[in-house]
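A short worksheet on the structure shown next.
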Amino acid sequence: MAHVLKLNEDIIRGIAAGEVVERPASVLKELMENSLDAGAGRIDVEWREAGRKRLRVSDDGEGMTPEDARLSLERHATSKIRNLDDLERVGTFGFRGEALPSIMAVSRFELLTRRADAPEAWALRAEAGRVTFDGPAGAPGGTSVTADDLFFAVPARLKFLKSDPTERSLLFRAVEDAAWAAPRTAFRVISEGKATLSLPALGGEETGMMERLESLWGVDRAQSLKPVDESGRFMRVRGWVSDVNAPQSTARYQRFFVNQRVVTSRRLSHALYDGYRGRLLVGRHPAALLFIEVDPTLVDVNVHPAKREVRLSHESEVHDFLSRAIQKALGRSVQPRTVFGAPRADLDVPPEFSPLPTGISSGVGRGSFAAPKFQRGPSTAEVQAAFAVQSPLSFFPGPGGDRLESSQELTPEYFREAKFEPVAQLYATYILARVEENYFLFDQHAAAERVLYEVLSEKAATGIPAKQSLLLPWVWEPSPEASAVVLAQKMDFERLGYSLEPFGGNAWRILAVPAALAEGDKVRSLLEGLVDDILAGRIPRGWDALVTRAACRGSVKAGDPLALPEMGHLIQELQRAPRPWTCPHGRPAFLRFSDDDLAKRFHRV
């Protein structure tokens with residue numbers, strides 16, 4: 001075994017930097033927290049190349065003396081705690097004294113600071129942790145910290161960073177978190193040389209928070225939120241949660257603050273979903289901005305190097321209190337739903353989860369079954385040619401797991417020329433149709449997804465997407481990070497059929513929409529959903545991934561009731577598709593079973 005040696009200072013700084021500085025967003029978080037602890041009334045943030053090339057945070061806080069500035073670059077030097085009692089009642093954002101030396105260790109670093117009563121500012125510059133300049137400079141009151149060429153001293157760390165849009169999204173999220181925690185502070189963001197966000201100080205007014213919500217999360221999402229404000233034995237929760245009728249496709253619009261500190265907590269997340277129990281579809285998520293105030297002695301903030309997690313005393317009580325508060329807020333906000341046109345005010349769950357008297361619908365009325373009129377298709381002789389590749393599976397499994405094959409193979413020609421007669425819709429998800437002696441069961445979402453994918457792909461390939469110009473263009477006001485995604489992938493959205501132009505700030509004016517989706521609600525929700533998916537990392541970079549997701553989001557869904565003419569039209573569109581056998585994800589679009597299959601299953605042969 002090797003002898004125990006004390007690590008040198010370079011290695012110590014490198015280890016500390018690895019714990020605190022994971023990516024540009026973690027640098028930004030630490031710098032903004034230092035600014036807030038310095039009493040900043042205004043914080044300016046600037047980044048280039050998603051923070052890799054430059055990341056700068058400037059504030060109008062109290063500033064530092066030259067002596068304090070030098071000490072701030074030493075590890076475990078802090079002005080925020082003096083003894084163990086202070087550690088039990090931490091009321092500041094930072095307290096470890098690791099942020100600045102860790103950032104300095106992995107960048108070309110500059111600290112420029114000046115107290116209001118000082119005759120001049122003081123500058124400290126360093127590269128890879130080594131100070132190269134320590135002297136006077138000119139600057140206004142406050143502090144400015146610049147980290148250029150992040151990770152230039154440890155280039156191996158760069159390969160762990162994500163794409164620029166992803167890293168930029170995380171930077172915006174860090175600004176959001178600071179803006180929620182400090183409503184009396186103004187924020188301004190310059191991203192890639194463009195001013196993208198300006199948040200005025202709110203002066204502590206609750207009404208002003210809604211304006212901040214609209215600026216950061218977009219107008220539509222903010223207006224769907226419902227207030228939460230409950231007090232308990234030793235805590236209080238206030239904030240907003242989304243109405244049950246406005247769920248989100250991702251969980252990214254969820255923030256928890258404990259004593260104004262943003263935290264990640266599985267227990268609090270579970271309490272949020274528990275509050276929505278029985279009210280959300282599987283795969284849908286609530287939006288939430290919740291501030292929990294508890295006695296500081298009941299919170300341990302010193303459990304994570306980056307201060308992302310906290311440990312709460314009386315966790316079970318906090319969980320139950322938060323869940324009940326959310327349930328109470330939702331109980332005041334739930335609106336009656338409609339199921340197949342009939343008002344249902346008593347539903348606590350979406351209509352798709354309601355028990356149905358029967359699973360069969362012809363589109364005429366709930367639970368009805370219209371007698372079909374059968375139309376003969378091609379003769380047996382016309383379909384004798386074997387078709388083995390990509391042939392849809394027979395519906396019924398045979399003994400031992402083997403599938404019972406129909407008496408004749410399905411050819412592309414037979415499928416495309418068949419005269420399908422829709423019979424019924426099953427469980428508002430499948431379409432039952434008949435051709436000659438064969439029945440076909442279509443998955444309406446998979447079929448519609450394939451049809452829309454082919455339409456969008458074909459039009460994009462021609463270079464002339466099928467667009468429908470809007471007589472009255474609408475203005476979309478997404479969050480700053482969502483707007484940045486649109487700007488970065490504007491050409492891809494235009495290939496889908498959208499026409500977008502900047503409309504001031506983060507707003508966009510939508511001039512045209514995909515002709516295949518010329519429904520007001522659908523084209524808007526598709527655009528918003530795609531951006532959310534990109535931010536959540538659900539869509540890999542590349543056109544095909546985007547158009548596949550667009551086809552999925554824009555298609556008829558499982559649970560959508562269809563009338564018989566709509567069923568017939570969907571089947572006809574699928575027949576025209578070049579590859580009708582599966583959806584773009586590879587799931588079967590339809591299954592087939594014949595009279596013989598039924599007879600075998602009932603042991604009639």
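The values are calculated or read from the model by the stated rules, or taken from the named source; none is laboratory data. These numbers were taken from a predicted model, which means no experiment stands behind them. Ideal geometry is used to build each Cβ from the backbone, glycine not excepted, and the neighbour counts take in all protein chains shown. For the accessible areas, the whole protein counts, side chains as well, though only heavy atoms, and no ligand, DNA or RNA atoms are used. Shrake-Rupley method; radii C 1.70, N 1.55, O 1.52, S 1.80 Å.
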| task | Using the structure shown, decide if Pro561 is touching a residue at least 12 places away in the same chain (Cβ under 8 Å), outside any helix (DSSP H, G or I) and in contact with a helix residue (DSSP H, G or I) (Cβ under 9 Å, 6 or more places away or on another chain). | result | no
| task | Could you pull out the residue among Leu487, Leu472, Leu511 that is out of contact with any Lys or Arg (no Cβ under 8 Å at 6 or more places or on another chain), open to solvent by 30 Å² or more (accessible area, probe 1.4 Å), part of a strand (DSSP E or B) and without any contact (Cβ under 8 Å) to a residue 24 or more places away in the chain? | result | Leu472
| request: Go through the residues of the stretch 154-176 one by one and say whether even a single one is within 30 Å of Pro119 (Cβ to Cβ) and open to solvent by less than 20 Å² (accessible area, probe 1.4 Å). | output: no
| Selected residue [among the polar types (S, T, N, Q), touching a Gly at 6+ places or on another chain (Cβ under 8 Å) and modelled with pLDDT of 90 or more] from Gln444, Gln425, Gln468 | Gln425
| field | Index of the failed condition, Arg184 passing every other in (1) open to solvent by 10 Å² or more (accessible area, probe 1.4 Å); (2) not in a loop (DSSP other than H, G, I, E, B) | value | (2)
| said: Restricting to the stretch 414-429, count the residues that are surrounded by fewer than 22 Cβ atoms within 10 Å (Cβ to Cβ) and either under 32 Å from the mean Cα position of the chain (by Cα) or assigned to a strand (DSSP E or B) (or both). | reply: 6
| message | So, Thr166, is that one outside any strand (DSSP E or B) and of a type in the set (Ser, Thr, Tyr) or not? | response | yes
| note | By residue number, the members of the stretch 512-522 that are hydrophobic (A, V, I, L, M, F, W, C) and at pLDDT 80 or above are Ala512, Val513, Ala515, Ala516
| task | Can you give me the number of residues within the stretch 542-558 that are part of a helix (DSSP H, G or I), open to solvent by 40 Å² or more (accessible area, probe 1.4 Å) and either at pLDDT 90 or above or not aromatic (Phe, Trp, Tyr) (or both)? | result | 3
| message | Regarding the stretch 265-287, can at least one residue be identified that is polar (S, T, N, Q) and in a strand (DSSP E or B)? | response | no
